[in-house]
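S.K.: This is the structure, below, for whatever I ask next.
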Amino acid sequence: MSGKVAVVTGANKGIGLAVVRAVCEAGFDGDVVLTARSEQLGREAVQQIRAAGHRAVFHQLDITSKSIALELQRFLKNTYGGLDVLINNAGIAYKNNAPEPFGEQAEVTMRTNFWGTLWVCQALFPILKPNARVVNVSSFVSKRSLDKCSPELQAKLRDPAITEEELCSLMNEFVAAAKRGDHESKGWANTAYGISKVGVTVLSMIQARTLTKTRAGEGILLNACNPGWVRTDMAGQSADKTPEEGAETPVYLALLPEGAKEPHGRFLSDKKVEEW
């Protein structure tokens with residue numbers, strides 16, 4: 001049990017792989033664990049990082065599986081004694097012309113982007129070391145989608161006292177409404193990806209508040225961020241940022257220096273705090 005360790009989810013390509021590379025190149029003093037659903041693709045990505053002389057390790061992770069997340073927890077605890085950096089990058093989005101019914105898209109997208117992120121956090125937060133850094137990768141679409149929701153929903157999702165239980169209930173309500181086909185009449189924006197990322201952003205604020213109460217004085221910082229519109233398989237090749245540019249804000253937050261007090265519980269774009 002020695003050395004520092006950082007974990008990046010959904011890291012075999014795109015922003016995730018760029019984040020792994022950037023954390024290594026920034027001189028992170030420890031191992032970077034690259035996780036992916038596919039063992040083959042994950043191991044191939046690790047070989048790329050190692051070929052450049054960096055300390056990358058592969059561990060399989062499907063964020064929608066609580067049991068696999070707990071396997072990762074046991075590996076980190078047994079190998080490193082805990083976790084120093086967690087970057088929750090894994091996520092999905094359907095294409096605009098996807099044939100699946102909107103209700104199905106909402107359920108699958110929410111299960112991955114919101115519930116998967118929550119389950120990874122539930123598994124790994126107990127082993128966060130003092131001065132740990134947690135970054136939940138959200139999206140500019142989250143703020144834009146929230147602005148399109150009804151005033152009542154906006155008030156609930158911007159309430160600084162909202163609880164995790166209340167947020168989970170709201171995310172379930174959205175999926176149920178999407179399946180019925182009345183989500184817009186119930187005040188929701190017409191975007192499964194956007195609402196799932198609203199959930200990630202608000203969850204981050206709740207988690208930061210909870211960590212401040214339960215682990216006061218340990219220097220743990222947690223934030224959500226918008227990597228921007230990035231040229232990936234998800235966003236397409238017309239997006240305006242490279243994966244390396246998209247990695248800049250997540251890596252900035254992941255490597256906030258020891259002793260830093262802020263940002264914490266905030267939503268950042270281009271390394272700057274945005275009002276939620």
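S.K.: Round to a whole angstrom and tell me the spacing of the C-alpha centers of the range 185-202 and the range 239-265.
M.R.: 24
S.K.: Please list, by residue number, everything in the range 127-160 whose backbone N is under 16 Å from a paramagnetic label point 7 Å out along Cα→Cβ of residue 166.
M.R.: 151-160
S.K.: Can you give the Rg and Dmax of the range 66-199 based on its C-alpha atoms, in angstrom?
M.R.: That works out to 16.3, 50 Å for Rg and Dmax.
S.K.: Another question, then. Give me the percent relative contact order of the chain, please, defined on Cα pairs under 8 angstrom at least 6 residues apart.
M.R.: 20
S.K.: Here is a follow-up. Return the Rg/Rh ratio of the chain with Cα-based radii and a Kirkwood Rh.
M.R.: 0.95
S.K.: Helix 192-214 versus the longest principal axis of the chain: what angle, 0 to 90°, nearest 10, using Cα atoms?
M.R.: 60
S.K.: Could you state the per residue volume, in Å³, of the convex hull enclosing the Cα atoms of the range 163-203?
M.R.: 56
S.K.: Taking a probe of 1.4 Å, how large is the accessible area per residue of the chain, in Å²? Present the calculation step by step, with values, prior to reporting the outcome.
M.R.: Working: 12410 Å² over 276 residues.
On a per-residue basis, the chain sits at 45 Å².
S.K.: Share of antiparallel DSSP beta bridges in the chain, in percent to the nearest 5?
M.R.: 15
S.K.: Between residue 66 and residue 215, 0.36 nm times their residue separation minus their Cα-Cα distance comes to what?
M.R.: 51.3 nm
S.K.: Express the carbon and sulfur contribution to the solvent-accessible surface of the range 150-276 as a percent, rounded to the nearest whole number, probe 1.4 angstrom.
M.R.: Summing carbon and sulfur atoms, their accessible area is 50 percent of the total for the range 150-276.
S.K.: According to a simple spin-label model (label point 7 Å from Cα along Cα-to-Cβ), what is the distance in nm between residue 78 and residue 40?
M.R.: Going from the residue 40 label point to the residue 78 one covers 2.7 nm.
S.K.: Count the net charge of all other residues whose Cβ sits under 11 Å from the Cβ of residue 57, scoring Lys and Arg as +1 and Asp and Glu as -1. Show your work: numbers first, answer last.
M.R.: On the way: positive: 43, 50, 55; negative: 31.
So the surrounding residues net to +2.
S.K.: Still on this structure, please answer the following. Can you give the convex hull volume per residue for the Cα atoms of the range 88-139, as a whole number of Å³?
M.R.: 65
S.K.: Percent of accessible area on the range 1-105 owned by carbon and sulfur, 1.4 Å probe?
M.R.: 46
S.K.: What is the Cα coordinate range of the range 1-62 on the first, second and third principal axes, sorted by size from largest, in whole angstrom?
M.R.: For the range 1-62, the Cα extents along the three principal axes come out at 26, 24, 18 Å.
S.K.: While we're on this one: Per residue and in Å³, how big is the convex hull formed by the alpha-carbon atoms of the range 1-133?
M.R.: 108
The values are calculated or read from the model by the stated rules, or taken from the named source; none is laboratory data. Everything numeric here is computed off the predicted structure, so don't read it as measured data. With ideal geometry, Cβ positions are generated from the backbone for all residues, glycine too; neighbour counts draw on all protein chains shown. Surface accessibility is based on the protein's heavy atoms, side chains included, excluding ligands, DNA and RNA. Shrake-Rupley method; radii C 1.70, N 1.55, O 1.52, S 1.80 Å.
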